[in-house]
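Let me begin by handing over the structure; questions about it come next.
The values are calculated or read from the model by the stated rules, or taken from the named source; none is laboratory data. Note that the structure is a prediction, hence the values are computed from the model and not measured. Glycine gets a Cβ as well: all are built from the backbone with ideal geometry, and neighbour counts include every protein chain shown. Only protein heavy atoms, including side chains, enter the accessible area calculation; ligands, DNA and RNA are left aside. Shrake-Rupley method; radii C 1.70, N 1.55, O 1.52, S 1.80 Å.
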Amino acid sequence: MIPTFRPTIRRADMDAVLTRLAEDSIGSGVLAGEFSQKLAKHLNRRSGISFRSWGMAFRAALTALDLPEGARIGCSVLAPEAVRRQIDARGYETVLIDTQKDVPLLPSPLNVDYEAFRLDALYVDTRLGFVPDLDTFAQLGIPLLEDISEGLGGNTGSVMAGSVGELTIIGLEPEHIITAGGGAVVATSNTRRVAALNSAVNGESGDLPMPDMNSALGLTQMKQLEAFIERRRDLARRFVRTLQRTRHSLPVQPGDGENVYCALPVLVESSPRDVEHYARTHGVTVIRAFQTTILNALSDTDPSSSDADQSPESPSGTDTTAMTETVLKRFPQALSLAGRMVLFPLFPALSKADQERIERVLATLP
């Protein structure tokens with residue numbers, strides 16, 4: 001069975017990790033700083049701080065923003081539910097915003113009046129590798145917290161994703177563009193933010209930097225970043241040619257930018273459930289694109305099914321149909337995307353046989 005996500009681990013990666021093991025260097029050391037600084041430099045940032053998890057990185061970034069209690073932070077309703085939980089736990093207010101019609105991105109400020117949201121900061125992500133209108137977001141006059149975990153290597157045509165916001169988070173989980181086996185880096189060029197980030201990583205609090213073993217893997221992955229991105233784009237071009245002969249479609253990066261494919265997002269014109277089952281019977285794992293999003297937590301139902309049963313996690317007596325109708329009124333674009341989009345495998349380590357199998361499935365989708 002071909003998985004939807006698989007990290008691309010090569011001999012050089014394994015050798016780097018084995019060297020750390022042989023030297024008994026598996027805790028936090030100099031490599032954590034070296035890796036985070038190189039990643040920050042790649043994004044044209046002055047400094048980078050590594051963390052052992054994305055959650056730790058996000059909490060540190062929120063603290064470094066130094067916003068007043070009750071501050072309003074905007075984000076896409078298709079952002080991970082973890083984003084809303086972290087914002088709310090910090091004592092801030094999460095302001096949810098609908099996406100664009102055809103891609104899971106925040107709409108450009110050229111098309112939506114962001115002043116009406118009365119935001120103190122904005123979380124801007126590169127969902128599924130697509131890059132938002134960073135050039136215009138930068139003119140809003142509020143701090144931007146960029147998350148390029150799924151879009152490292154993308155650009156708007158004029159600026160690199162991750163180079164605009166006050167702070168940038170780069171997740172390093174196995175399903176991200178490069179991996180350190182876990183963890184994240186926060187990059188910035190603001191000296192005051194660097195001091196706050198550094199204070200979040202210390203032995204007294206128990207929040208330690210990324211271990212050298214993981215950092216060694218991250219360093220070798222960085223050397224292959226451009227090759228990984230080009231490989232993903234080559235595979236996408238091949239799969240898109242197959243998909244164009246069907247009734248299904250692929251979301252397209254807006255404007256002059258270049259997106260990065262962390263997976264192959266397909267907008268299906270049939271039942272996503274049927275597509276998942278059909279692909280699975282042919283040895284390909286296909287998953288829903290937005291299973292752990294804020295939208296999913298809000299609706300608490302399967303957005304692709306109008307007669308979905310009440311979730312066992314719903315509070316007793318909850319009218320999930322009414323809840324979904326409310327969500328539909330507030331977030332029609334995001335709900336439409338969530339109800340139609342599935343993810344096919346697209347990672348650099350796909351063999352020729354795997355590619356051919358995926359093509360056959362794409363060509364014959366129900």
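What residues from the stretch 152-176 fall in the zone where the backbone N is under 16 Å from a label point 7 Å along the Cα-to-C-beta line of GLU230?
153-154
If each of GLN244 and GLU356 carries a label point 7 Å out from its Cα toward its Cβ, how far apart are those two points in nm?
Modelled inter-label distance: 2.3 nm.
Under the rule a/c < 1.5 gives rounded, and otherwise a/b versus b/c splits prolate from oblate, where does the stretch 113-175 land using the Cα gyration tensor?
Values: a/c = 2.16, a/b = 1.63, b/c = 1.32.
Note, shape of the stretch 113-175 comes out prolate.
Same structure again: If each residue of separation counts as 0.36 nm, what is the full-extension length gain between SER270 and ARG237 once their alpha-carbon separation is subtracted? Let's see the in-between values first.
Numbers: separation 33, 0.36 × 33 = 11.88 nm, distance 2.28 nm.
Contour length minus Cα-Cα distance gives 9.6 nm.
Could you work out how much longer the chain between THR292 and VAL159 gets when fully extended? Use 0.36 nm per residue separation minus the Cα distance between them, nm to one decimal.
Numbers: separation 133, 0.36 × 133 = 47.88 nm, distance 2.92 nm.
Result for the pair: 45.0 nm of gain on full extension.
Whole number in Å², please: accessible area per residue of the chain, 1.4 Å probe, ligands, DNA and RNA not counted.
43
For the chain, with all protein chains present and a 1.4 Å probe, just round the carbon and sulfur fraction of the accessible area to a whole percent.
Values: 7710 of 15810 Å².
Carbon and sulfur together cover 49 percent of it.
Once the principal axes of the Cα atoms of the stretch 1-159 are found, what is the range along each, listed largest first in whole angstroms?
Taking max minus min along each principal axis of the Cα atoms, the stretch 1-159 gives 57, 38, 33 Å.
Moving to a separate point now. If the label point is 7 Å along Cα→Cβ of LYS101, which residues in the stretch 328-356 have backbone nitrogen under 12 Å from it?
Answer for the stretch 328-356: 333.
Run the simple label-point estimate for THR364 and HIS282 please: 7 Å along Cα→C-beta, distance reported in nm.
0.6
State the extension gain, in nm to one decimal, for the chain segment bounded by VAL252 and ASN190, taking 0.36 nm per residue of separation less the distance between their alpha-carbons.
Contour length minus the Cα-Cα distance gives 19.0 nm.
Mind sorting out which of [x] 0.99; [y] 1.29; [z] 1.19 is the real Cα Rg over 2.2 N^0.38 Å computed from the coordinates?
Read-out taken from this structure: [x].
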